[in-house]
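For reference, the structure is listed below as structure tokens.
The values are calculated or read from the model by the stated rules, or taken from the named source; none is laboratory data. Not measured: the values here are computed from a predicted model. When we count neighbours, we look across all protein chains shown, and the Cβ atoms used for this are built from the backbone with ideal geometry, even at glycine. For the accessible areas, the whole protein counts, side chains as well, though only heavy atoms, and no ligand, DNA or RNA atoms are used. Shrake-Rupley method; radii C 1.70, N 1.55, O 1.52, S 1.80 Å.
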Amino acid sequence: MNFMTNIKKITKRAMYVPAMLLLGACCTTQPEAVKPLPPPPAPVAPLGDIFFDFDRSGVTSEGDVQLKKNAEWMAANMGKSVVIEGHCDERGTSEYNMALGQRRADSAMDAMVSLGADQARMTAISYGEEKPFDTGHNEAEWSQNRRAHFVEK
């Protein structure tokens, strides 16, 4: 081999390495930036009771607020059912209070259905005055017993 042939070979080799480095740099892709996970959904408030005025079965504005939360809970917990228990204070006859408790439970269920809750997943029952929350004998205690109590089933 002559001198010029050796120079050409050396030049080719010398050009080959930088060319490969240049091509390698052009062909690499930058890894995609890792996107942060979205925040978890806000927890849905648990079921809560609603309270009624004396001798009434109509839902109050405060009750409407709680019923919306209960309807949201039902939407978030599709596999669950709810029992709505109607309760009364100790005043009135047992028969009257059983009927009033049922009207309260039915009123709460009707309001829940109007908010989009599935009626097939709810049951309304009355306990009248039989299961008081508070056993006192004045207006403050009685007001705690005039309620629709929501129980997860």
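Restricting attention to the range 134-153, and to residues there that are open to solvent by 60 Å² or more (accessible area, probe 1.4 Å) and touching a strand residue (DSSP E or B) at 6+ places or on another chain (Cβ under 7 Å), which single residue is modelled with the lowest pLDDT?
Lys153
Of all residues in the range 116-153, which are farther than 18 Å from Lys68 by Cβ and part of a strand (DSSP E or B)?
Scanning the range 116-153 gives Thr123, Ala124, Ile125, Ser126, Tyr127, Gly128, Val151.
If you take the residues in the range 59-84 that are out of contact with any helix residue (DSSP H, G or I) (no Cβ under 6 Å at 6 or more places or on another chain) and polar (S, T, N, Q), which one is surrounded by the most Cβ atoms within 10 Å (Cβ to Cβ)?
Asn70
Looking at the range 93-100, can you tell me whether even one residue there is open to solvent by less than 20 Å² (accessible area, probe 1.4 Å), hydrophobic (A, V, I, L, M, F, W, C) and more than 26 Å from Ala45 (Cβ to Cβ)?
yes
Okay, residues lined up against (1) under 26 Å from Glu139 (Cβ atoms); (2) out of contact with any Lys or Arg (no Cβ under 8 Å at 6 or more places or on another chain); (3) at pLDDT 95 or above:
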residue: Phe51; (1), (2), (3): yes, no, yes
residue: Asp55; (1), (2), (3): yes, yes, yes
residue: Lys68; (1), (2), (3): no, yes, yes
residue: Ala71; (1), (2), (3): no, yes, yes
residue: Asn77; (1), (2), (3): no, yes, yes
residue: Ser81; (1), (2), (3): no, no, yes
residue: Ile84; (1), (2), (3): yes, yes, yes
residue: Asp89; (1), (2), (3): yes, no, yes
residue: Thr93; (1), (2), (3): yes, yes, yes
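Run Pro39 past the list (1) open to solvent by 70 Å² or more (accessible area, probe 1.4 Å); (2) farther than 27 Å from Lys131 by Cβ; (3) touching a residue at least 40 places away in the same chain (Cβ under 8 Å) and report the number of the one that doesn't hold.
(3)
Consider Ser126 carefully, then state whether it is modelled with pLDDT of 95 or more and loosely packed, with under 14 Cβ neighbours inside 10 Å. Before you say what the answer is, go through the steps one by one.
Working: modelled with pLDDT of 95 or more: yes; loosely packed, with under 14 Cβ neighbours inside 10 Å: no.
It is false that Ser126 is modelled with pLDDT of 95 or more and loosely packed, with under 14 Cβ neighbours inside 10 Å.
Out of all the residues in the range 47-58, which are more than 15 Å from Gln144 (Cβ to Cβ) and open to solvent by 40 Å² or more (accessible area, probe 1.4 Å)?
First, the residues of the range 47-58 that are more than 15 Å from Gln144 (Cβ to Cβ): 47, 55-58.
Asp55, Arg56, Gly58 - these are the residues of the range 47-58 that are more than 15 Å from Gln144 (Cβ to Cβ) and open to solvent by 40 Å² or more (accessible area, probe 1.4 Å).
For Thr29, are the conditions met, namely being at pLDDT below 80, in a helix (DSSP H, G or I) and not hydrophobic (A, V, I, L, M, F, W, C)?
no
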